[in-house]
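First the structure, in the form of structure tokens, and then the observations on it.
The values are calculated or read from the model by the stated rules, or taken from the named source; none is laboratory data. Owing to the predicted nature of the structure, the values given are computational and were not obtained by experimental measurement. With ideal geometry, Cβ positions are generated from the backbone for all residues, glycine too; neighbour counts draw on all protein chains shown. The protein model used for the area step is the full one, side chains on, heavy atoms only, and it has no ligands, DNA or RNA in it. Shrake-Rupley method; radii C 1.70, N 1.55, O 1.52, S 1.80 Å.
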Amino acid sequence: MYLSKLTVNVYSRDFRRDHADLRQMHRTVMSGYPDLPDDTPARQAQSVLWRLDSVHRGFAQYVQSSVKPDWSRLSGDYLIEPPQVRSLQPLLDAITPGRRFAFRLVGNPTRSIINQAGQDRPPAEEGKRPRGKRIARRKPEEQIEWLIRKGGQHGFVVPTAYNGQPDVSPSPCLTQTGQLRPGDRGPVTIEPVRFEGHLIVTDADTFREAVRQGIGHSRAYGCGLISLAPVRTPSY
């Protein structure tokens with residue numbers, strides 16, 4: 001696994017185009033990876049995840065993948081410094097049961113509402129669960145509940161902080177959209193949430209796979225990448 005840090009040029013016309021359109025940003029990210037046959041889902045096959053973080057006077061984009069990227073296809077003014085690419089193997093090796101990490105995750109916490117009669121959606125096939133409409137979880141307590149549930153699925157727990165509450169802080173990000181294009185099923189709109197806090201690994205193999213593949217929906221559109229760091233010991 002590899003992690004790239006791309007320090008983008010906010011004045012680049014191409015970056016501004018991408019920042020306004022999730023689908024175009026996805027295409028730009030995938031330009032760093034080899035082309036695959038049309039019937040192969042390229043993002044999933046190469047485990048590509050990305051996240052855009054605000055930094056001083058700009059943005060840093062983190063891109064994770066199982067394949068080492070080649071960012072030479074980016075336009076000449078897209079970045080303000082050379083890409084930084086490093087192996088994530090030391091981090092993956094450090095994931096052990098009981099290990100505590102500080103983490104950052106931009107997720108897309110949603111819940112599904114089963115379609116009601118009269119909605120313009122096809123009925124579910126016989127024997128399959130009806131497809132619901134996903135709506136955003138906007139209350140902080142609902143967002144934390146979503147994360148805790150994901151932890152149960154992906155091999156980690158969120159510990160309790162000194163105040164007796166889960167040791168994580170959710171904060172809303174700007175609503176993101178992707179423009180409708182020919183062949184698309186519909187426009188994309190997501191309401192991402194940034195989670196920062198601490199977690200404890202309960203199942204190393206399951207959690208390692210979550211780090212590789214991402215957590216939750218909208219992983220092609222800047223969600224799901226979980227960043228880990230050692231827990232700092234306070235000095236007194």
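Restricted to region 139-159, and to residues there that are in contact with a Pro (Cβ under 8 Å, 6 or more places away or on another chain) and over 20 Å from SER227 (Cα atoms), the residue that is surrounded by the fewest Cβ atoms within 10 Å (Cβ to Cβ) is PRO140. Among residues of region 208-224 that are in contact (Cβ under 8 Å) with a residue 24 or more places away in the chain and over 18 Å from PRO170 (Cβ atoms), those with a Cβ under 9 angstrom from a residue that is open to solvent by 40 Å² or more (accessible area, probe 1.4 Å) and of a type in the set (Ser, Thr, Tyr), sequence gap 6+ or separate chain, pair up as ARG212/SER66. The single condition from (1) more than 18 Å from the chain's Cα centre (by Cα); (2) farther than 25 Å from THR189 by Cα that LEU3 fails is (1). Residues that are modelled with pLDDT under 95, part of a loop (DSSP other than H, G, I, E, B) and surrounded by fewer than 17 Cβ atoms within 10 Å (Cβ to Cβ) within region 192-236 comprise HIS217, VAL231, ARG232, THR233, PRO234, SER235, TYR236, listed in sequence order.
Which of the residues belonging to region 137-149 are in contact (Cβ under 8 Å) with a residue 12 or more places away in the chain and out of contact with any helix residue (DSSP H, G or I) (no Cβ under 8 Å at 6 or more places or on another chain)? Talk me through it step by step, then tell me what you get.
Residues of region 137-149 in contact (Cβ under 8 Å) with a residue 12 or more places away in the chain: 137-138, 140, 142-144, 146-148.
Answer for region 137-149, where residues must be in contact (Cβ under 8 Å) with a residue 12 or more places away in the chain and out of contact with any helix residue (DSSP H, G or I) (no Cβ under 8 Å at 6 or more places or on another chain): ARG138, PRO140, GLU142, GLN143, ILE144, TRP146, LEU147, ILE148.
Taken across region 123-138, residues that are at pLDDT 95 or above, under 15 Å from PHE195 (Cα atoms) and open to solvent by less than 50 Å² (accessible area, probe 1.4 Å) do not occur at all. When the strands (runs of 3 or more DSSP E) confined to region 23-93 are screened for residues that are open to solvent by less than 30 Å² (accessible area, probe 1.4 Å), those reaching at least 1 such residues are found at 49-55, 58-65.
Contact map, region 87-115: residues that are among the hydroxyl-bearing types (Ser, Thr, Tyr) paired with residues that are open to solvent by less than 10 Å² (accessible area, probe 1.4 Å) and assigned to a strand (DSSP E or B), Cβ distance under 8 Å, separation 6+ or inter-chain. Pairs shown: THR96/VAL201. Residues in region 172-184 that are in a strand (DSSP E or B) and open to solvent by 50 Å² or more (accessible area, probe 1.4 Å) were compared, and the one that is modelled with the lowest pLDDT is THR177. Do we have PRO97 as open to solvent by 40 Å² or more (accessible area, probe 1.4 Å), closer than 26 Å to PHE207 by Cβ and in a helix (DSSP H, G or I) here? Here the answer is no, as PRO97 does not meet what is asked.
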